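Novice: Supplied in structure tokens, the structure appears directly below.
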Amino acid sequence: MNQSIQCPGFEAAGIAAGIKKNQALDLGLIYSRQPAVAAGVFTRNIVQAAPVRLTRARVGGGRVRAIVANSGNANCCTGAQGEDDAAHMAQIVAAGLDLPPGDVLVASTGVIGAFMPMDKIDAAGPELTGALGSQGFGEFARAIMTTDTVPKLIQRRGEIDGHQFTLVAAAKGAGMIRPDMATMLCFVCTDAQISHEPLQQCLKQAVDRSLNCISIDGDTSTNDMVLVLANGHSGACIENDGQRKIFQDLLDDLLVDVARRLVQDGEGVTKVVEIRVEGARSDEDAFRVADTVAHSPLVKTAFFGEDANWGRIIAAVGRAGVPLAPEKIDLHFDDVLMFKDGMGCGPEAEVRATAVLKKPAFSVGIALHQGAGTARMLTCDFSVDYVKINADYRT
């Protein structure tokens with residue numbers, strides 16, 4: 001992991017606490033050396049893990065100092081004990097850092113329905129806080145992985161009124177991914193200075209443009225959250241519209257990069273596919289079409305089989321529930337026109353399109369010719385490995 005990825009004023013760590021069976025890193029910590037403004041977006045799944053409920057309440061207060069996160073156990077559907085365990089995880093970190101427990105946010109990911117091994121987390125507390133360092137983000141990113149094959153750790157730098165500022169994101173997610181808030185765990189640190197409400201608005205906008213535009217398997221987890229901490233260490237202040245645009249653009253770019261890396265590392269993924277819809281009556285209609293195509297198991301299995309089966313895509317478009325004129329629809333694989341004016345373009349086009357589908361990344365363009373609405377989504381194929389990974393996830 002690149003040790004040069006740091007965010008001034010922040011420290012991080014990742015250790016093996018024994019939560020996972022394979023003794024991999026499974027407990028991580030992010031710490032701001034000064035009070036940080038916090039913002040967050042959370043899963044829309046009605047079944048929500050105890051850490052989601054605890055963290056949602058604390059983010060509303062605006063200021064925090066630390067995030068403790070574990071992999072290997074979701075602490076979900078664990079009743080009152082789960083609520084107590086989430087709070088106790090925060091207390092362990094707070095005691096080690098001499099903080100009020102309310103200044104610590106909690107996140108968990110892993111198997112649903114198992115109680116947290118709090119004896120192991122208690123024992124690991126001193127090691128975790130002792131491992132904190134400015135170069136610890138790499139270990140943190142590894143500690144939150146579940147079925148991910150590579151850690152996701154990304155950095156961006158910008159400038160506001162002569163002050164350099166940094167954004168660092170650490171994320172995990174390879175399954176249970178669909179556009180329904182955030183669809184994974186993602187933690188962003190910045191040394192910019194910004195108040196809670198504008199930070200919350202910037203995060204929501206960035207998520208809608210990135211993490212809410214991806215799908216791996218159409219499932220929404222019980223533990224999803226995206227958190228941002230801003231500690232103002234750089235002196236780059238975000239107060240007016242111009243400053244906010246600079247920050248927003250950089251945050252958007254960061255999370256778009258996170259989103260693509262999540263899809264690329266999706267469970268069993270061999271193809272990354274951008275669905276582009278244009279000419280809908282509204283952006284909302286365009287998104288419904290893109291969303292329907294992106295989640296279609298028949299479309300996704302055709303991508304895996306490198307089968308230019310445009311009929312499956314047109315059928316998905318037709319059931320998206322938006323106004324359409326089938327005789328006006330055009331369909332491209334990259335720049336290969338496959339379907340025009342309600343009909344396929346013949347065997348020669350299919351041969352060219354099949355060559356496109358053999359690439360690891362390509363686009364599907366859908367033109368509806370109904371209006372000016374547009375949308376884009378990133379999706380992937382369904383492979384045999386996806387089934388194998390999820391058939392024995394708990395074992």
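Novice: Nearest 20 debye, what's the magnitude of the dipole of the stretch 1-101 about its Cα centre given +1 on Lys and Arg Cβ and -1 on Asp and Glu Cβ?
Specialist: With Lys and Arg at +1 and Asp and Glu at -1, about 280 debye.
Novice: Give me log10 I(q)/I(0) at q = 0.16 Å⁻¹ for the stretch 35-114, Debye formula, one equal scatterer per alpha-carbon, no solvent.
Specialist: -0.55
Novice: Show that you can apply the helix-only estimate: for the chain, add -39,500 (n - 2.57) for every DSSP H stretch of four or more residues, divide by all residues, and state [θ] at 222 nm to the nearest 500.
Specialist: So the helix-based figure for the chain works out to -11000 deg cm²/dmol.
Novice: Still on this structure, I have one more. Could you work out the Kirkwood radius for the stretch 233-272, taking every pair of different alpha carbons, averaging 1/r and inverting it, reported in Å?
Specialist: 12.2
Novice: Positive end of the dipole of the stretch 10-264, charges at C-beta (+1 Lys, Arg; -1 Asp, Glu), about the Cα centre: which of VAL93, ALA12, THR147 has its Cα farthest in that direction?
Specialist: THR147
Novice: Quick one: pull the percentage of alpha-carbon pairs in the stretch 73-137 with a separation above 15 Å.
Specialist: 55
Novice: For THR149, THR379, THR166, what ranking results if the residue with the fewest other Cβ atoms within 10 Å of its Cβ goes first?
Specialist: Ascending number of Cβ neighbours within 10 Å: THR149, THR166, THR379.
Novice: With no solvent and one equal point scatterer per Cα, compute the Debye intensity ratio I(q)/I(0) for the stretch 272-391 at 0.17, 0.18 Å⁻¹ and report its log10, rounded to two decimals.
Specialist: Results for the stretch 272-391 at q = 0.17, 0.18 Å⁻¹ read -0.77, -0.86.
Novice: Right, next: Taking the alpha-carbon centroid of each part, what is the distance from the stretch 276-317 to the stretch 352-389 in angstrom?
Specialist: 7
Novice: Using r as the Cβ-Cβ distance of GLN91 and ASP249, and R0 as 51 Å, what FRET efficiency do you calculate, to the nearest 0.05?
Specialist: So the FRET efficiency works out to roughly 0.85.
Novice: Report the extension gain between GLU327 and LYS21 in nm, rounded to one decimal, defined as 0.36 nm multiplied by the number of residues separating them, less their alpha carbon distance.
Specialist: Taking GLU327 through LYS21 to full extension adds about 104.6 nm, to one decimal.
Novice: Continuing with the same structure: Convex hull volume of the Cα atoms in the stretch 329-395, per residue, in Å³?
Specialist: So the per-residue Cα hull volume is 131 Å³.
Novice: For the chain, give the magnitude of the charge dipole about the Cα centre (Cβ charges: +1 Lys/Arg, -1 Asp/Glu; no others), in debye to the nearest 20.
Specialist: Rounded to the nearest 20 debye, it is 220 debye.
Novice: Please express the shape of the chain as an equivalent ellipsoid: the semi-axes are the square roots of 5 times the eigenvalues of the C-alpha gyration tensor, given largest first in whole angstrom.
Specialist: 39, 24, 17
Novice: Using a Gaussian network model of the chain whose springs link C-alpha atoms within less than 10 Å, name the residue from SER221, SER108, SER234 with the highest mean-square fluctuation.
Specialist: SER234
Novice: When SER383, SER4, SER363 are ordered from fewest to most other Cβ atoms inside 10 Å of their Cβ, what list results?
Specialist: SER4, SER363, SER383
Novice: Mind sorting ARG319, ARG65 by how few other Cβ atoms lie within 10 Å of their own Cβ, fewest first?
Specialist: Fewest-to-most Cβ neighbours within 10 Å comes out as ARG319, ARG65.
Novice: Restricting to Cα pairs below 8 Å that are 6+ residues apart, what does the relative contact order work out to for the chain? Please round to a whole percent.
Specialist: Relative CO of the chain lands at 17 percent.
Computed from the coordinates by the stated procedures, all read-outs in this text should not be read as laboratory data. Quantities reported herein were computed from a predicted structural model and do not represent experimental measurements. Using ideal geometry, Cβ is built from the backbone for each residue, glycine included, and neighbour counts are taken over all protein chains shown.
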